[in-house]
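FYI, it's all coordinate maths here, none of it is from the lab. All of these numbers come straight from a predicted model, not from anything done at the bench. Here the Cβ is made from the backbone with ideal geometry for all residues, glycine too, and neighbour counts use every protein chain on show.
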Amino acid sequence: MSVRFIPEGTVKVPEISFTDTIRFPAAQTALLVQDMQNDFVEPAGALTIPAAAQTVAPIQRLLARARALDVRVVYVQDTHLKDDVEFDIWGEHTQPGTWGWEIIRDLEPRRGELNIQKNRYDSFYGTWLDHYLSHVWRVRTLVLVGTVANICVLHTAASAGLRHFRVVVPADAISALTDFDQAMALRQISWLYGGTVLRSADDIEFAEEPGTRSEGE
Ligand code: ZN
């Protein structure tokens, strides 16, 4: 391979090391649902990722198992006010109060679940996310699902990995515009940030371990 890269044809996907099944203590784990908003998921959205629709059912099943064992759930919502600089790249999207900004009905957050509004690809940037994960919930593991795989999912996974969280990403619960983008995100998350990637969200289990939740709860 030469150093220079000139796109002409196909690029071989390097090996991605998938984990088959995994089990986490419920009290030390949080589930983050990234940007599953109408603008990204619904056909009439401003920036639709067609593959995102297929991730809704696996995310619903994972959410149900997480909620059954009181795993902490956090929804992240892409949010931009008028004239945001990100509109120079993507055009207008996810402005608060609009239909496109709302989380899709099939994944509606429950009362009491944390909702983080973020402005950049990285969900930690300028938000309360680290405060809750590190100091309130004191979790070690972050299971990350949603969209877009190589944009907000990747940047949030990177930021979590750099903060020494264990990052877990099921491939069937994230989505991108192209197979290349999806593969690149999974490769970077597993190889560069030491994350755990699985083929399916159904292969993630949460286990109740009495006494493991932090004091004062
Ligand atoms: Zn945005």
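Overall shape of region 21-207 was characterised from the C-alpha gyration tensor. The equivalent ellipsoid obtained from it has semi-axes of 23, 18, 17 Å, in decreasing order. Full extension of the segment from H131 to L69, taken as 0.36 nm per residue of separation minus the current Cα-Cα distance, would add 20.1 nm. Amide H contacts under 5 Å for L198: T19, V169, A171, restricted to partners 5 or more places along the chain or on a different chain, H placed in the peptide plane at 1.01 Å from N. When each of I174, I59, I104, I89 is scored by the number of other beta-carbon atoms lying within 10 Å, the sequence from fewest to most is I89, I104, I59, I174. Each label was represented as a point 7 Å from its Cα along the Cα-to-Cβ direction; for W191 and T178 these points are 1.7 nm apart.
The length gained on full extension between R61 and N115, counted as 0.36 nm times the residue separation minus their Cα-Cα distance, comes to 17.5 nm. Residues S175, S190, arranged from fewest to most other Cβ atoms within 10 angstrom of their Cβ, appear as S190, S175. Ranked by the mean number of other Cβ atoms within 10 Å of their residues, highest first, the peptides 152-161, 92-101 fall in the order 152-161, 92-101.
Extension gain for I22 to E8 (0.36 nm times residue separation, less C-alpha to C-alpha distance): 1.2 nm.
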